[in-house]
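Read the structure below first, then the notes.
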Amino acid sequence: MQTTSSKPPNMPHELPVSTATTTTSTDPKKLTLIPLIFIIYFEVAGGPYGEEPAVQAAGPLFAILGFLIFPFIWSIPEALITAELSTAFPGNGGFVIWAERAFGPFWGSLMGTFKFLSGVINIAAFPVLCIDYMKRLLPALESGLPRYFAIFGSTLCLSFLNYTGLTIVGFAAVVLAVVSLLPFVLMSLIALPKIQPHRWISLGQKGVEKDWNLFFNTLFWNLNFWDSVSTLAGEVENPQKTYPKALLVSVIFTCLAYLFPLLAVTGSLSVDQSEWDAGFMAQAAGMIAGKWLKIFLEFGAVLSAIGLYEAQLSSSAFQLLGMADIGSLPMFFGLRSKWFNTPWVGILLTTLISLGVSNFNFTDIISSANFLYSLSMLLEFAAFIWLRRKLPMMKRPYRVPLRLPGLVMMCLIPSGFLIVIMAIATKTVYLVSGIMTVAGIGWYFLMKLAKSKKLLKFNVGGLEEIDQVRVVGHS
């Protein structure tokens, strides 16, 4: 069965059909392997910018061990699950489809709430992080109206760039990654003769209390959101083959991008532990190579923040479109731009909410995003295990090579870490997350009422359409 490449822009439920065909032709509007690798990279990391608080919280040794070990207990399992379920259900709903297929529409809607809100909170951090680097060059951005207008203006400009198309975002991600990582490569090479390996085993300064809350949240924030790319499955050329390859390469690439600069700086510099706040890498570059590299790295930080914002805004916006595809949200949320075919409603809504939370401090943003994401990931692990048990014979183009007991063990370890992250959260984070959860439950019943009373137009039967497409695509 073949489908035509021309699609009306306001019929997003047709989108998964194009991803499931077996045609060998390439749609120029679809994401291919290389752009997808770098979009995943920016979904998760965007470079070593932001890893500094791990050293401030627990010292060099724990920071190095954290970025060395954490990918094995968290990033790889999450990436494997994303590869299996994204190829089995190649629709823009992503993790919402997984939860709904496993446990029903209520849990699918709640998954959508957790993921969307955590994603939006995460997105809000990137203009803030960008301005934190820029204020080192422009002290006027430290506080007050100049800082507010800088965050506001940069957010609007970046959202407009996202509106111009996912293909543009994909190729821009490649350029942004190369340029933003180049100063770290130069810094690591220049630092080599200055490295003293004994500094790597330092437990931190005497008398400085470990801040495990900040430490684990920093690790988690820097190495999560691997599944965010699942909401772009409807926009990827041949997702059944492309996703596993892209996730494998991006996991390796991301982990190395964190470790090498961290080893270079902690090994070559001896500075007060309190200096390792967000943005310290730029100071380190100046100490190691001079002001020119400091400025280059700060410029790279701005580019990295752009890439992070663009990639994660795309995922959040397409998540709303995907939820409209399957009938979880009104069809209005699935409207696409007539000019760029992008989900303009999702982009606009995500931008407005991110602006609303951008006045939080950087630590609060990380903690709130992590708590909501932890709730969603516990649900995602459960959905993954249950779908293996519920639908053991379902065609999976990529299958994690473990039986059910092995999968349970694979998910238990990161689940334990999630519980730790949630247990050490502050009262403010508990309160905010509780309010958002209640709001998500209320939203589900509001949508259910609107659907039953026909107050709004929904794509009834959208999930069944995606299932039919999946079967056709695998035949």
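Exactly one residue out of Leu85, Leu65, Leu33 is under 23 Å from the mean Cα position of the chain (by Cα), surrounded by 24 or more Cβ atoms within 10 Å (Cβ to Cβ), among the hydrophobic types (A, V, I, L, M, F, W, C) and modelled with pLDDT of 90 or more: that is Leu85. Hey, among Phe126, Phe184, which residue is open to solvent by less than 10 Å² (accessible area, probe 1.4 Å), under 13 Å from Leu308 (Cβ atoms), in contact (Cβ under 8 Å) with a residue 60 or more places away in the chain and assigned to a helix (DSSP H, G or I)? It is Phe126.
Among the residues of the stretch 256-266, is there at least one that is among the polar types (S, T, N, Q), out of contact with any Leu (no Cβ under 8 Å at 6 or more places or on another chain), farther than 24 Å from Tyr444 by Cβ and open to solvent by 10 Å² or more (accessible area, probe 1.4 Å)? Spell out how you get there, then give the answer.
Let us first name the residues in the stretch 256-266 that are among the polar types (S, T, N, Q), namely 266.
The next check asks that each one be out of contact with any Leu (no Cβ under 8 Å at 6 or more places or on another chain); those that pass are 266.
Keeping just the survivors that are farther than 24 Å from Tyr444 by Cβ gives 266.
After this cut, where a residue has to be open to solvent by 10 Å² or more (accessible area, probe 1.4 Å) as well, the list is none.
No; the residues of the stretch 256-266 include none that is among the polar types (S, T, N, Q), out of contact with any Leu (no Cβ under 8 Å at 6 or more places or on another chain), farther than 24 Å from Tyr444 by Cβ and open to solvent by 10 Å² or more (accessible area, probe 1.4 Å).
Taking the options Tyr444, Tyr430, name whichever one is over 23 Å from Thr87 (Cβ atoms), aromatic (Phe, Trp, Tyr) and modelled with pLDDT of 95 or more.
That would be Tyr444, the only listed residue that is over 23 Å from Thr87 (Cβ atoms), aromatic (Phe, Trp, Tyr) and modelled with pLDDT of 95 or more.
Say whether the condition of being free of Cβ contacts under 8 Å to residues at least 24 places away in the same chain and more than 30 Å from Gly279 (Cβ to Cβ) is met by at least one residue in the stretch 94-112. Show your work before the answer.
We begin by selecting, within the stretch 94-112, every residue free of Cβ contacts under 8 Å to residues at least 24 places away in the same chain; these are 104.
With more than 30 Å from Gly279 (Cβ to Cβ) added as a condition, the list becomes 104.
Among the residues of the stretch 94-112, at least one is free of Cβ contacts under 8 Å to residues at least 24 places away in the same chain and more than 30 Å from Gly279 (Cβ to Cβ), which makes the answer yes.
Criterion applied to Ser202, Ser154, Ser159 was being touching a Pro at 6+ places or on another chain (Cβ under 8 Å) and either open to solvent by 80 Å² or more (accessible area, probe 1.4 Å) or within 24 Å of Ile39 (Cβ to Cβ) (or both), and the one residue passing it is Ser154. Does at least one position in the stretch 91-105 carry a residue that is in contact with a Phe, Trp or Tyr (Cβ under 8 Å, 6 or more places away or on another chain), open to solvent by 20 Å² or more (accessible area, probe 1.4 Å), modelled with pLDDT of 90 or more and under 23 Å from Ser368 (Cβ atoms)? Checked against the condition, which is being in contact with a Phe, Trp or Tyr (Cβ under 8 Å, 6 or more places away or on another chain), open to solvent by 20 Å² or more (accessible area, probe 1.4 Å), modelled with pLDDT of 90 or more and under 23 Å from Ser368 (Cβ atoms), the stretch 91-105 yields no hits at all. The set of residues in the stretch 289-324 that are open to solvent by less than 10 Å² (accessible area, probe 1.4 Å) and farther than 29 Å from Ala369 by Cα contains only Leu293. Applying the set (1) hydrophobic (A, V, I, L, M, F, W, C); (2) more than 30 Å from Leu110 (Cα to Cα); (3) modelled with pLDDT under 95 to Leu262 leaves exactly one unmet item: (3).
As a summary of the residue check, Gly204 satisfies the conditions (1) at pLDDT 95 or above; (2) not in a helix (DSSP H, G or I) except for the one numbered (1).
Open to solvent by 10 Å² or more (accessible area, probe 1.4 Å), among the basic types (Lys, Arg) and free of Cβ contacts under 8 Å to residues at least 24 places away in the same chain - does that describe any residue in the stretch 222-243? Spell out how you get there, then give the answer.
In the first step, residues of the stretch 222-243 are kept if they are open to solvent by 10 Å² or more (accessible area, probe 1.4 Å); the result is 228, 235, 237-238, 240-242.
Applying the additional criterion that residues be among the basic types (Lys, Arg) yields 241.
Add one more test, that the residue is free of Cβ contacts under 8 Å to residues at least 24 places away in the same chain, and what stays is none.
Checked against the condition, which is being open to solvent by 10 Å² or more (accessible area, probe 1.4 Å), among the basic types (Lys, Arg) and free of Cβ contacts under 8 Å to residues at least 24 places away in the same chain, the stretch 222-243 yields no hits at all.
Would you mind stating whether Lys210 is in contact (Cβ under 8 Å) with a residue 12 or more places away in the chain and either surrounded by fewer than 19 Cβ atoms within 10 Å (Cβ to Cβ) or of a type in the set (D, E, K, R) (or both)? Full working, then the answer.
Values: in contact (Cβ under 8 Å) with a residue 12 or more places away in the chain: yes; either surrounded by fewer than 19 Cβ atoms within 10 Å (Cβ to Cβ) or of a type in the set (D, E, K, R) (or both): yes.
Yes; evaluated as a whole, the condition is true for this residue.
For Lys395, the conditions (1) touching a residue at least 12 places away in the same chain (Cβ under 8 Å); (2) over 23 Å from the mean Cα position of the chain (by Cα); (3) in a helix (DSSP H, G or I) all hold with the exception of (3). Flag not set for Phe62, criterion: closer than 23 Å to Tyr309 by Cα, of a type in the set (Phe, Trp, Tyr) and either in a helix (DSSP H, G or I) or out of contact with any strand residue (DSSP E or B) (no Cβ under 9 Å at 6 or more places or on another chain) (or both).
The values are calculated or read from the model by the stated rules, or taken from the named source; none is laboratory data. Being a predicted model, the structure only gives us computed values, none of them experimental. In this analysis, Cβ positions are derived from the backbone assuming ideal geometry, glycine residues included, and neighbour counts consider all displayed protein chains. Just so you know, the surface numbers come from the protein's heavy atoms only, side chains and all, with ligands and any DNA or RNA stripped out. Shrake-Rupley method; radii C 1.70, N 1.55, O 1.52, S 1.80 Å.
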